[in-house]
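Student: If you scroll down you'll find the structure; I have some questions about it.
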Amino acid sequence: MAMWLNQSSTDDFILLGIFSHNLTDLLLFSVVMIVFTVALCGNVLLILLIYTDPRLHTPMYFFLSQLSLMDLMLVCTNVPKMAVNFLSGRKSISFVGCSLQIGLFVCLVGSEGLLLGLMAYDRYVAISHPLHYPVLMNQKVCLQIVGSSWAFGIVDGLVQMAVVMTFPYCSLRKVDHFFCEMLSLLKLACVDTSLFEKVVFVCCVFMLLFPFSIIVASYTRILGTVLRMHSALSQKKALATCSSHLMAVSFFYGAAMFIYLRPRQYRTPSQDKVVSIFYTVLTPMLNPLIYSLRNRDVIGALQKRLDRSRIGSQH
């Protein structure tokens, strides 16, 4: 760490960004900032509702609050710096700033991916073993699930950040991205990084396919349970509780797999930047909307909060 802090300003990186200053890109930048604002407000609101409304003090909503916290941190890791660089005309980012972006990004994506997988297991237990749910998903188990998700991401982020930032980088430090994305940064290294890139690819396969296998196994069992239900109303209710999670999983894993599981020869900077916008900005905005608009408990908690505010303002 001391070596990183001693880096001079000449060791800054240049982020080429995703937007130019023509009219179309100005419009797209405005859209991204609106999405960022909605993501920021939506996740903060969802966290506050979950922690202040006793009806939402259940395992599912506890996991959802942690998912919102991860989304909140993810959207704040890259977008503010991108906006500052675009508006100021400066494109530089310090060596330490670049290190932090890599570490936080890898940590949060890894943690969120695993948490989404374990949330599928929670839905499986709730639907397939409803009578044993309070015992199987007690407070200790919930804390272990959330703690393991955070620990997995933090360790992965620290390791990859430490390795990437120890490589020597050539004088032309132009990163063809809007943030310090690890694979884009490795292209600037003055040494052969092919072995490390292969290790990263294997890690990405594990980080994505391990949670995804939990999701597939959980929903396969959920589907079997639902098909055995005799009541159409029970089937509809069971599927409704899963639909929000399935939508969140589809957005997150679809974008992540598109970027990190493609062979290198099929990757282009323009595609990577567009898809990165999708899962670093759009997905964090969609998650609170998906879980709130499709959930009566969250809507009820929001209505209760608004009613209290209205009564308070009248007095």
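The values are calculated or read from the model by the stated rules, or taken from the named source; none is laboratory data. Nothing here was measured: the structure is a model prediction, and the numbers come from that model. We place every Cβ from the backbone using ideal geometry, glycine too, and count neighbours over all the protein chains shown. Side chains included, ligands, DNA and RNA excluded: accessible areas come from the protein's heavy atoms. Shrake-Rupley method; radii C 1.70, N 1.55, O 1.52, S 1.80 Å.
Student: Can you spot a residue in the stretch 193-205 that is surrounded by fewer than 16 Cβ atoms within 10 Å (Cβ to Cβ), of a type in the set (S, T, N, Q) and either modelled with pLDDT under 85 or closer than 20 Å to Glu112 by Cβ (or both)?
Tutor: The answer is no, given that none of the residues of the stretch 193-205 is surrounded by fewer than 16 Cβ atoms within 10 Å (Cβ to Cβ), of a type in the set (S, T, N, Q) and either modelled with pLDDT under 85 or closer than 20 Å to Glu112 by Cβ (or both).
Student: Could I ask something else about it? So which residues in the stretch 166-212 are among the aliphatic types (A, V, I, L, M) and under 15 Å from Phe13 (Cβ atoms)?
Tutor: Residues satisfying the conditions are Leu172, Val175, Met182, Leu183, Leu185, Leu186, Leu188, Ala189.
Student: Hey, another quick one. Which residues, taken from the stretch 234-252, are surrounded by fewer than 18 Cβ atoms within 10 Å (Cβ to Cβ), modelled with pLDDT under 80 and aliphatic (A, V, I, L, M)?
Tutor: Of everything in the stretch 234-252, those that are surrounded by fewer than 18 Cβ atoms within 10 Å (Cβ to Cβ), modelled with pLDDT under 80 and aliphatic (A, V, I, L, M) turn out to be Leu239, Ala240.
Student: Which one of these does Asn85 not meet: (1) over 22 Å from the mean Cα position of the chain (by Cα); (2) free of Cβ contacts under 8 Å to residues at least 12 places away in the same chain; (3) in a helix (DSSP H, G or I)?
Tutor: Of everything listed in (1) over 22 Å from the mean Cα position of the chain (by Cα); (2) free of Cβ contacts under 8 Å to residues at least 12 places away in the same chain; (3) in a helix (DSSP H, G or I), Asn85 misses just condition (2).
Student: When residues of the stretch 258-296 are filtered for being in a helix (DSSP H, G or I), open to solvent by 10 Å² or more (accessible area, probe 1.4 Å) and touching a Cys at 6+ places or on another chain (Cβ under 9 Å), how many remain?
Tutor: Looking only at that region, the number is 1.
Student: Still on this structure, please answer the following. For the stretch 21-72, name all the residues that are without any contact (Cβ under 8 Å) to a residue 24 or more places away in the chain and under 21 Å from Leu282 (Cβ atoms).
Tutor: Passing the criteria: Thr24, Asp25, Leu26, Leu27, Leu28, Ser30, Val31, Ile34, Thr37, Cys41, Ser65.
Student: So which residues in the stretch 218-233 are open to solvent by 50 Å² or more (accessible area, probe 1.4 Å) and part of a helix (DSSP H, G or I), if there are any at all?
Tutor: Correct list: Thr220, Arg221, Leu223, Leu227, Ala232, Leu233.
Residue-by-condition table, conditions (1) charged (D, E, K, R); (2) touching a Gly at 6+ places or on another chain (Cβ under 9 Å); (3) in a helix (DSSP H, G or I); (4) within 30 Å of Arg296 (Cβ to Cβ):
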site	(1), (2), (3), (4)
Gly147	no, no, yes, yes
Phe178	no, yes, no, no
Leu208	no, yes, yes, no
Ile214	no, yes, yes, yes
Cys242	no, no, yes, yes
Val249	no, yes, yes, yes
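Student: Taking the stretch 253-264, which residues are at pLDDT below 80 and touching a helix residue (DSSP H, G or I) at 6+ places or on another chain (Cβ under 6 Å)?
Tutor: Ile259, Tyr260
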